[in-house]
Amino acid sequence: MKRFWTDVAIDADRVVTLDGKPVRTPGRRALVLPTDALAEAVADEWRAVGETIDPRTMPLTGLANAAIDPIAADQAGFAAGLARYAESDLLCYRADGPPLLVERQAAAWDPLLDWAAHRYDVRFEITSGVMHVAQPPQTIARLGAAMAAFDSFALAGLSPLVTLTGSLVIALALIERHIDADDAWAAAGIDEDWSVEMWGEDWQAAQSREAKRREFDQGVRFLRLLG
């Protein structure tokens with residue numbers, strides 16, 4: 001679609017408007033944003049559009065659309081889907097060697113699990129290898145309740161953090177501001193970094209990783225703009 005507007009503004013209800021008409025989501029709902037900061041950032045994406053609209057350059061708009069349309073339509077189900085990552089959280093699956101990798105995982109992951117254990121009054125089962133280890137039912141229930149407490153916009157921002165890292169604990173630590181984005185990404189990428197150190201990385205893998213990091217950072221930014 002070609003650009004058809006001149007002026008981008010935000011009305012009194014925090015709806016982004018194009019030449020005075022509200023931007024609408026794919027579900028035809030008005031693009032109403034919950035905070036001034038997010039409304040301004042989304043409006044800036046529309047101001048930056050060139051001759052044609054490219055959704056790939058408008059990640060905040062995409063996350064807002066998701067919050068308003070599919071997530072809000074089944075908020076409990078969406079939260080439960082993210083909460084299921086607690087059943088196989090990355091941080092609970094450790095290498096059994098070599099020793100340096102084991103040490104790196106422990107140094108980065110144990111403090112995060114300790115934080116989550118105290119924050120949510122839960123405990124985690126840790127295993128070596130890839131065989132599934134069941135987490136205590138109370139852990140699953142309490143982390144599920146934590147996710148259910150978030151609104152649709154917070155869930156939209158959390159979604160890429162959970163899915164890209166494979167860790168509900170990392171995502172919760174980020175939204176609770178226990179860690180920053182760089183530390184979170186480094187913790188999630190320990191295994192991949194190890195593989196690159198050992199065997200190198202081809203350009204396609206490097207590009208894929210860079211794209212994932214950009215998506216991750218936009219999720220973090222989206223959450224920060226919520227206040």
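We did not get these values from a lab; they are worked out from the coordinates using the rules stated. The shown structure was predicted, so the numbers you read here are calculated from the model rather than taken from an experiment. Don't worry about glycine lacking a Cβ; one is built from the backbone with ideal geometry, like all the others, and counts go over all protein chains shown.
Quick notes
- Rule-of-thumb Rg ratio for region 125-195 [Cα; 2.2 N^0.38 Å; N residues]: 1.20
- Under 5 Å, built H, 5+ apart or other chain: amide partners of S167: L90
- A simple spin-label model places the labels of E201 and A149 3.6 nm from each other, with each point 7 Å out along Cα-to-Cβ.
- Relative contact order of region 84-155, defined on C-alpha pairs under 8 angstrom at six or more residues apart (%): 36
- Rotationally averaged projected area of region 4-100 (alpha carbon convex hull; nm²): 9.8
- Spatial separation of Cα centroids for region 83-105 and region 128-183, in angstrom: 15
- Applied to region 11-24, the Karplus parametrisation 6.51 cos²θ - 1.76 cosθ + 1.60 on θ = phi - 60° returns per-residue 3J(HN,Hα) values of 8, 5, 9, 6, 9, 6, 10, 10, 6, x, 9, x, 5, 10 Hz, with x for Gly and Pro.
- Taking a quarter of the surface of the Cα convex hull of region 8-56 gives a mean projected area of 3.6 nm².
- Residues in region 30-39 carry Karplus couplings, in order, of 5, 7, 8, 9, x, 9, 4, 5, 5, 4 Hz; the curve used is 6.51 cos²θ - 1.76 cosθ + 1.60 with θ = phi - 60°, and Gly or Pro positions show x.
- Computed per residue of the chain from DSSP H runs no shorter than four, each worth -39500 (n - 2.57), the mean residue ellipticity at 222 nm is -17500 deg cm²/dmol.
- Using a Gaussian network model of the chain in which every pair of alpha carbons under 10 angstrom is joined by a spring, one finds that among T57, T17, T163 the greatest mean-square fluctuation is at T57.
- Summarised as an ellipsoid, the chain has semi-axes of 36, 21, 13 Å, derived from the eigenvalues of the Cα gyration tensor scaled by 5 and square-rooted, with the largest first.
- In order through region 196-206: 3J(HN,Hα) via Karplus (6.51 cos²θ - 1.76 cosθ + 1.60), integer Hz, x for Gly, Pro: 5, 4, 7, 10, x, 9, 7, 5, 5, 5, 5
- Peptides ranked, highest mean first, by Cβ atoms within 10 Å: ranges 169-175, 4-10: 169-175, 4-10
- The chain - charge dipole about Cα centre, Lys and Arg +1 at Cβ, Asp and Glu -1, debye rounded to 20: 740
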